[in-house]
Amino acid sequence: MSERRATIERDTLETRIRVSLDLDGSGAGTRRTGVGFFDHMLDQLARHGLFDLEVSAAGDLHIDAHHTVEDVGIALGQAFAAAVGEKRGIVRYGHAFCPLDEALSRVVVDLSGRPGLYYRVTFPTARVGDFDTELVREFWQGFASQAAVTLHMDSLQGDNAHHVAETLFKAGGRALRMACSSDPRSGNELPSTKGAL
């Protein structure tokens with residue numbers, strides 16, 4: 001496969017985002033959004049996806065973290081779509097179960113070209129420190145819509161909101177890593193009977 005990298009810049013009246021993504025990395029890079037817990041989640045996504053990921057974001061945090069988290073998801077989704085390219089020779093589907101102590105989540109992804117998020121997650125508390133747990137869904141919604149992937153996310157159990165969120169990002173990284181991996185048996189074919197994704 002050729003180099004699978006992309007850089008996206010997104011500037012609005014609410015945020016200034018720059019995302020650089022290398023799908024064939026090692027989890028390297030820095031994540032600086034001004035939202036500490038979110039940076040920690042992006043670290044999990046990159047490390048478990050083995051994606052080199054640079055994220056810098058300046059957002060209207062004096063309001064709250066909503067626009068920053070959502071817009072990073074949008075920009076990362078755009079970068080993912082650009083980096084994965086035509087999708088020839090890839091596995092296409094990916095799945096992962098990830099536990100963290102009492103928490104367990106499942107993520108299944110299809111690089112289908114059809115955006116959709118199917119999200120069945122209940123957090124035991126509304127916040128992790130200053131982070132609103134509703135923003136986890138906002139991030140993944142932005143990502144799925146712009147990456148044009150079908151994404152199923154389920155929290156199967158968990159009593160600690162930090163653990164629940166972390167298992168979703170770890171499983172998300174691992175499922176995406178599997179889906180965009182090279183399939184040596186397919187040659188350079190598109191993994192679709194329609195001949196298009």
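Please say if segment 7-88 is rounded, prolate or oblate, where rounded means a/c under 1.5 for a ≥ b ≥ c the square roots of the C-alpha gyration tensor eigenvalues, and otherwise the choice is prolate for a/b larger than b/c and oblate otherwise?
oblate
What residue among S112, L100, V69 has its Cα farthest toward the positive end of the dipole of segment 61-129, where the charges are +1 on Lys, Arg and -1 on Asp, Glu, each on the Cβ?
Selected residue: S112.
What is the extension gain from L117 to H95, computed as 0.36 nm multiplied by their sequence separation minus the C-alpha to C-alpha distance, in nm to one decimal?
Going from the current span to full extension adds 6.5 nm.
Net charge near A148, counting Lys/Arg +1 and Asp/Glu -1 over other residues with Cβ under 13 Å of its Cβ? Spell out each step's value before the answer.
Details: positive: K87, R92, R114; negative: E86, D110.
Net charge around A148: +1.
Which value, in Å³ per residue, describes the convex hull spanned by the Cα atoms of segment 114-197?
About 107 Å³ per residue, rounded to a whole number.
Between P184, P99, P115, where does the largest GNM mean-square fluctuation fall for the chain, given springs only between Cα atoms within less than 10 Å?
P184
I need the Debye-formula profile for the chain: one equal scatterer per C-alpha, no solvent, reported as log10 I(q)/I(0) at q = 0.14 1/Å, two decimals.
Log10 I(q)/I(0), no solvent term: -0.74.
Arranged by the count of other C-beta atoms within 10 angstrom, fewest first, what order do M41, M178, M153 take?
Ordered by Cβ neighbours within 10 Å, fewest first: M178, M153, M41.
Using Cβ counts within 10 Å as a stand-in for footprinting exposure, how do E166, E189 rank, fewest first?
With the sparsest Cβ surroundings first, the list reads E189, E166.
Quick check: residue separation of A58 and T12 times 0.36 nm, minus the Cα distance between them. What number comes out in nm?
Roughly 15.5 nm would be gained on extension.
What list of ³J(HN,Hα) values in whole Hz, one per residue of segment 66-80 in order, does the Karplus curve 6.51 cos²θ - 1.76 cosθ + 1.60 (θ = phi - 60°) give from phi, with Gly and Pro shown as x?
4, 5, 5, 5, 4, 5, 5, x, 4, 5, 5, x, 5, 5, 4
Write out the GluC sites (Glu not before Pro) in segment 55-102 meeting two conditions: DSSP loop, and at most 16 other Cβ atoms within 10 Å of their Cβ.
When the GluC sites (Glu not before Pro) of segment 55-102 are filtered for loop state and at most 16 Cβ neighbours within 10 Å, E86, E102 remain.
Every number here is computed from the coordinates shown, using simple stated rules; none is lab data. Since this is a predicted model, take the numbers as computed values, not measurements. Cβ atoms come from the backbone with ideal geometry, glycine included; neighbour counts cover every protein chain shown.
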